[in-house]
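> I'd like to ask some things about the structure below.
The values are calculated or read from the model by the stated rules, or taken from the named source; none is laboratory data. What you see is a predicted model; the values in this text were computed from it and never measured. Glycine gets a Cβ as well: all are built from the backbone with ideal geometry, and neighbour counts include every protein chain shown. Each accessible area value is taken on the protein alone, full model and side chains, heavy atoms only, with ligands, DNA and RNA left out. Shrake-Rupley method; radii C 1.70, N 1.55, O 1.52, S 1.80 Å.
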Amino acid sequence: MTSTTVTVASEAGKKEPNYAVPALDKALDVIELLAAAKSPMNQAEISRALDRNPNELFRILNALAARNYLRRTDGGRFRLSLKLFELSHTHSPYEELLRVALPAMRELSETLSESCHLSMIRDGEVLIMAQVESPNPIRLSIEVGSRHSLLNTTSGRVLLSSMGTDERNQYLEHSSDFSSRSEESRDIFITRLHSIRERGFELTDGERFVGGLDVGALVGTATSRVKAALVVSTLRHADGPDVTRIADVVCDTVLQIAVESGVMNTAMSPVSKNQSSS
């Protein structure tokens, strides 16, 4: 077998060697495109966006899907899987957030005797990053790594409420749930987002099932590069729970996490206690 040594030209006037690997370039183009996309894309949409023939991308898409870098939706569209997230986890800006958040979440769970979870936005959906379960024998639980609706979850609305108008509209434009609603319903939803932002937390009663109660708040600020939503999930019962207390503890905890993780450079003013009963 003949061995070949490639030498990089260092003298002026000499051409740099061409290390281009076309198949790799195409695969990276696909990954970068889907990473920036607000929603999954099909093969035709990807080929148009990259200005490539669909046949060129067929094998690339299938290879990336086979290696679990991409996931196919039921409609034949592609989106990034969590593999890149997992591979880059040790270098992720969310690593420090999770490191700080987990002890604070455990303390919150012990204080309230309730379950809580931390979420971020991924591919236009809510991704559950971490959970701490209630110490009670009867408790609510949510699977880490599971994905949920942006519009129909407390976490999603908290995260949407933190966005500027243009960024928020980009997400909503790609939401079939939002576009299928009446104009009045869409206006009510936007008003709800403004209310969440003003009072600093979201309270949801019976959204998933009768008796279910969620209280969530934003980790970070509207201008933070890294944002997450912290939500306490509980059940209504004869003598509670004390929603005012839960909201106060959640708001204090997100402030603590944001400051200690560096998501916020300076402490923001805590949510006023008289708003917690809203």
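> Quick one: which of Glu143, Glu183, Glu202, Glu207 is touching a strand residue (DSSP E or B) at 6+ places or on another chain (Cβ under 8 Å) and free of Cβ contacts under 8 Å to residues at least 24 places away in the same chain?
Glu143 is the lone residue from the list that is touching a strand residue (DSSP E or B) at 6+ places or on another chain (Cβ under 8 Å) and free of Cβ contacts under 8 Å to residues at least 24 places away in the same chain.
> Another question about this same structure. Can you tell me which residue among Ser185, Ser134 is among the small types (Gly, Ala, Ser) and in a helix (DSSP H, G or I)? Reasoning before the result, please.
Details: Ser134 fails: in a helix (DSSP H, G or I).
Answer to the selection: Ser185.
> Follow-up question, since we're still on this one. Scan the stretch 134-151 residue by residue and report those that are under 18 Å from Leu213 (Cβ atoms), under 20 Å from the mean Cα position of the chain (by Cα) and of a type outside the set (Gly, Ala, Ser).
Matches in the stretch 134-151: Ile142, His148.
> When you go through Thr221, Thr204 one by one, which is the residue that is assigned by the TED database to the domain that holds Met120, touching a helix residue (DSSP H, G or I) at 6+ places or on another chain (Cβ under 7 Å) and among the polar types (S, T, N, Q)?
Result of the check over Thr221, Thr204: Thr204.
> Moving on to the next point. Which of the residues spanning the stretch 22-44 are under 13 Å from Phe78 (Cβ atoms), touching a residue at least 24 places away in the same chain (Cβ under 8 Å) and open to solvent by less than 60 Å² (accessible area, probe 1.4 Å)?
Once the filter is applied, which keeps residues that are under 13 Å from Phe78 (Cβ atoms), touching a residue at least 24 places away in the same chain (Cβ under 8 Å) and open to solvent by less than 60 Å² (accessible area, probe 1.4 Å), the stretch 22-44 yields Ala27, Val30, Ile31, Leu34, Ala37, Ser39, Pro40, Met41, Asn42, Gln43.
> Something else now. Residue by residue through the stretch 50-82, note down the ones that are assigned to a helix (DSSP H, G or I) and in contact with an Asp or Glu (Cβ under 8 Å, 6 or more places away or on another chain).
Leu50
> Which residues, counting only those in the stretch 152-168, are farther than 18 Å from Arg181 by Cβ, among the aliphatic types (A, V, I, L, M) and not in a loop (DSSP other than H, G, I, E, B)?
Within the stretch 152-168, Val158, Leu159 meet the criteria.
> So, of the residues in the stretch 76-88 that are modelled with pLDDT of 85 or more and over 15 Å from Glu32 (Cα atoms), which turns out to be surrounded by the fewest Cβ atoms within 10 Å (Cβ to Cβ)?
Gly76
> Working only within the stretch 228-253, note down all residues that are open to solvent by less than 20 Å² (accessible area, probe 1.4 Å) and either more than 21 Å from Leu102 (Cβ to Cβ) or in a loop (DSSP other than H, G, I, E, B) (or both).
Residues of the stretch 228-253 open to solvent by less than 20 Å² (accessible area, probe 1.4 Å): 228-234, 240, 246-247, 250-251, 253.
Answer for the stretch 228-253, where residues must be open to solvent by less than 20 Å² (accessible area, probe 1.4 Å) and either more than 21 Å from Leu102 (Cβ to Cβ) or in a loop (DSSP other than H, G, I, E, B) (or both): Gly240, Ala247.
> Please go through the stretch 183-227 and give me each residue that is over 27 Å from Leu112 (Cβ atoms) and either exposed (fewer than 15 other Cβ atoms within 10 Å of the Cβ) or of a type in the set (A, V, I, L, M) (or both), ordered by number. Spell out the reasoning first.
Taking the stretch 183-227 as the starting set, the residues that turn out to be over 27 Å from Leu112 (Cβ atoms) are 183-191, 194, 223, 225.
Glu183, Glu184, Ser185, Arg186, Asp187, Ile188, Ile190, Thr191, His194, Thr223, Arg225 - these are the residues of the stretch 183-227 that are over 27 Å from Leu112 (Cβ atoms) and either exposed (fewer than 15 other Cβ atoms within 10 Å of the Cβ) or of a type in the set (A, V, I, L, M) (or both).
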